[in-house]
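Every read-out reported here was derived from the displayed coordinates using simple, explicitly stated rules and does not represent laboratory data. This structure is a prediction, so every number in the text was calculated from the model and none was measured. When we count neighbours, we look across all protein chains shown, and the Cβ atoms used for this are built from the backbone with ideal geometry, even at glycine.
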């Protein structure tokens, strides 16, 4: 079960509260992580993706690639393209699933 409903990140004018269920996907960009939201907003957080995932303490955000994690509730479809596969989110965004993460991803997706 989820422990937190909100996530607070630094912003230009103070702090920004993020509703965790509104996150569609997270993308690692060097030492930063982009949080892309359902309303198409993008928040940049100056922490590695691994650290952000630990801070979220969330069971429905799942890492599918070394540089991507997704909200499992936002998955529209999964295609077995290539070696790992490609997940399509409700926004239409397509993200590659790594071979290493494919099996656990499919298990987690089936548990929803």
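List of remarks:
- Checking residue 89 against (1) surrounded by fewer than 18 Cβ atoms within 10 Å (Cβ to Cβ); (2) in contact with a strand residue (DSSP E or B) (Cβ under 6 Å, 6 or more places away or on another chain); (3) touching a residue at least 24 places away in the same chain (Cβ under 8 Å), the condition it does not meet: (1)
- From the list 74, 69, the lone residue that is within 13 Å of residue 102 (Cα to Cα), surrounded by 12 or more Cβ atoms within 10 Å (Cβ to Cβ) and under 11 Å from the mean Cα position of the chain (by Cα) is 69.
- Scanning the stretch 1-33 for residues that are assigned to a strand (DSSP E or B) and surrounded by fewer than 17 Cβ atoms within 10 Å (Cβ to Cβ) gives 6, 8, 10, 11, 14, 15, 16, 17, 19, 29, 32.
- Test: residue in the stretch 30-50 that is without any contact (Cβ under 8 Å) to a residue 12 or more places away in the chain and on the phi > 0 side of the Ramachandran plot: yes
- Some residue of the stretch 45-66 being outside any loop (DSSP other than H, G, I, E, B), in contact with a strand residue (DSSP E or B) (Cβ under 9 Å, 6 or more places away or on another chain) and more than 25 Å from residue 103 (Cβ to Cβ): yes
- For the stretch 92-112, a residue qualifies if it is in contact with a strand residue (DSSP E or B) (Cβ under 7 Å, 6 or more places away or on another chain) and either in contact (Cβ under 8 Å) with a residue 24 or more places away in the chain or not in a strand (DSSP E or B) (or both), and the qualifying residues are 93, 95, 96, 97, 98, 101, 105, 108, 109.
- Yes/no for residue 97 being farther than 14 Å from residue 36 by Cα and out of contact with any helix residue (DSSP H, G or I) (no Cβ under 6 Å at 6 or more places or on another chain): no
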